[in-house]
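Taking it in order: structure first as structure tokens, then the write-up.
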Amino acid sequence: MDYSAHLDEALTRLHEEGRYRTFIDIERRRGQFPHAVWTRPDGSEQKITVWCGNDYLGMGQHPAVLSAMHEALEATGAGSGGTRNISGTTVYHKRLEAELADLHHKEAALLFTSAYIANDATLSTLPKLFPGLIIYSDGLNHASMIEGIRRNGGAKRIFKHNDLNDLRAKLQADDPAAPKVIAFESVYSMDGDFGPIAEICDLAREFGALTYLDEVHAVGMYGPRGGGVAERDGLLDRIDIVNGTLGKAFGVHGGYIAASAKMCDAVRSYAPGFIFTTSLPPVVAAGAAASVAHLKTDRSLRDAHQTQAAVLKTRLRGLGLPIIDHGSHIVPLIVGDPVHTKALSDMLLADHGIYVQPINFPTVPRGTERLRFTPSPVHGPRETDALVTALDALWSQCALNRADLAG
């Protein structure tokens, strides 16, 4: 077999479809967020504004976070030295898990190296704990949830996105005595819409199912203490397992679940994705714990975040651009063609110093390719004006028919 030829064919196909992903080499600089420096292919540098980052609140440069990380680095060194079971559990890990359990009003929390691994490891392990388990998964769940459910070897049912009638029908069609889990998200990252948490919890109670809620795009940003949409809506006590990340609003790295002490203990004991993985470095755990603790009391960042998102959506809507607005902090601008999306992204970067990554299939369905903006409290009027002005000029330059796209 000519392995090289097959690789060429696979990569050429992505290029021809306009879906080939390009890494943008940027250097974020403390105290200058959302500004960064882009190293061009020719080696020259250009100052840019990042409009697609997931450090939603700018906590990656917050003094409380940096101070905690510096102290932990001096105290412990760089790495953790092992898995959680073999020398890799420190006071920093335990402190962070306690902060997270408290954040979600749960008995315990369990750290993973990423929220992807937390979803994959937990959802693939649940059938070991509950033989005969059926998992009901929203049709637009994140790839990490899909992968965990696919790998677990148990029964699964995919219900139409946010469709309570379809979920009910699937629950009714199964054995009432079978153990069940409903897995869904609070904020869906590509469209920015919310899951119907209360209604799904009602169905879970009616049919005797556990609830598994991914709050990755909500923790830190919603609720009085940043506990997510479930906290905002007073529903924390109705969620059995919460999945969250430390790499977005909290500005550091890692993922976790929060649940009952028994649930966390069982996942800890049975999930290979937890057992056989080196634990987070203590310096990372220290910074994340400081971030979680700070955001429990600092509502001003959450308020400013929502204000900036609302301002950007109003400005883009005023230009007649086809944005999606479900009331969350995520601002998708639908382009509808992968080549045009990449062209817009390239021109924004090269000509205007604005970085927003194109989002194409398979992340979103074909025909809904988009630029996805994530405004934050560190994006001010100057940055917003520059973005709006650039988009207004480039939209027609890319020969896009606004009326067709908006329809």
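The values are calculated or read from the model by the stated rules, or taken from the named source; none is laboratory data. Remember, predicted model here, so these are calculated numbers, not experimental data. Counting neighbours? That spans all protein chains shown, and the Cβs are built from the backbone with ideal geometry, glycine included. Accessible surface is based on the protein model in full, side chains and every heavy atom, while ligands, DNA and RNA are left aside. Shrake-Rupley method; radii C 1.70, N 1.55, O 1.52, S 1.80 Å.
List of remarks:
- Any chance LEU57 is under 17 Å from TYR256 (Cα atoms), open to solvent by less than 90 Å² (accessible area, probe 1.4 Å) and within 20 Å of the chain's Cα centre (by Cα): no
- Residue within the stretch 77-89 that is surrounded by fewer than 20 Cβ atoms within 10 Å (Cβ to Cβ), in a helix (DSSP H, G or I) and not polar (S, T, N, Q) present: no
- Identification of helices (runs of 4 or more DSSP H) wholly contained in the stretch 271-336 with 2 or more residues that are of a type in the set (Gly, Ala, Ser) and either crowded, with 24+ Cβ neighbours inside 10 Å or at negative phi (or both) yields 282-295, 299-318.
- Candidate set: the stretch 204-225, residues that are of a type in the set (Phe, Trp, Tyr) and crowded, with 23+ Cβ neighbours inside 10 Å; chosen: the one farthest from ALA169 (Cα to Cα): TYR222
- Given (1) in contact (Cβ under 8 Å) with a residue 12 or more places away in the chain; (2) closer than 17 Å to HIS305 by Cα; (3) basic (Lys, Arg), index of the condition ARG382 fails: (1)
- Count of residues meeting criterion [without any contact (Cβ under 8 Å) to a residue 12 or more places away in the chain and not basic (Lys, Arg)] in the stretch 20-34: 4
Residue by residue, here is whether (1) open to solvent by 20 Å² or more (accessible area, probe 1.4 Å); (2) part of a helix (DSSP H, G or I); (3) touching an Asp or Glu at 6+ places or on another chain (Cβ under 7 Å) holds:
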site	(1), (2), (3)
GLY192	no, no, no
ASP202	yes, yes, no
GLY227	no, no, no
GLY234	yes, no, no
VAL242	no, no, yes
ALA249	no, no, no
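Residue by residue, here is whether (1) closer than 22 Å to PHE274 by Cα; (2) surrounded by fewer than 21 Cβ atoms within 10 Å (Cβ to Cβ); (3) touching a helix residue (DSSP H, G or I) at 6+ places or on another chain (Cβ under 6 Å) holds:
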{"position": "GLY139", "(1), (2), (3)": "no, yes, no"}
{"position": "SER144", "(1), (2), (3)": "yes, no, yes"}
{"position": "LYS156", "(1), (2), (3)": "no, yes, yes"}
{"position": "HIS161", "(1), (2), (3)": "no, yes, no"}
{"position": "ASP166", "(1), (2), (3)": "no, yes, no"}
{"position": "LYS170", "(1), (2), (3)": "no, yes, no"}
{"position": "ASP175", "(1), (2), (3)": "no, yes, no"}
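- Boolean, ILE135 is open to solvent by less than 50 Å² (accessible area, probe 1.4 Å), of a type in the set (Val, Ile, Thr), part of a helix (DSSP H, G or I) and at negative phi: no
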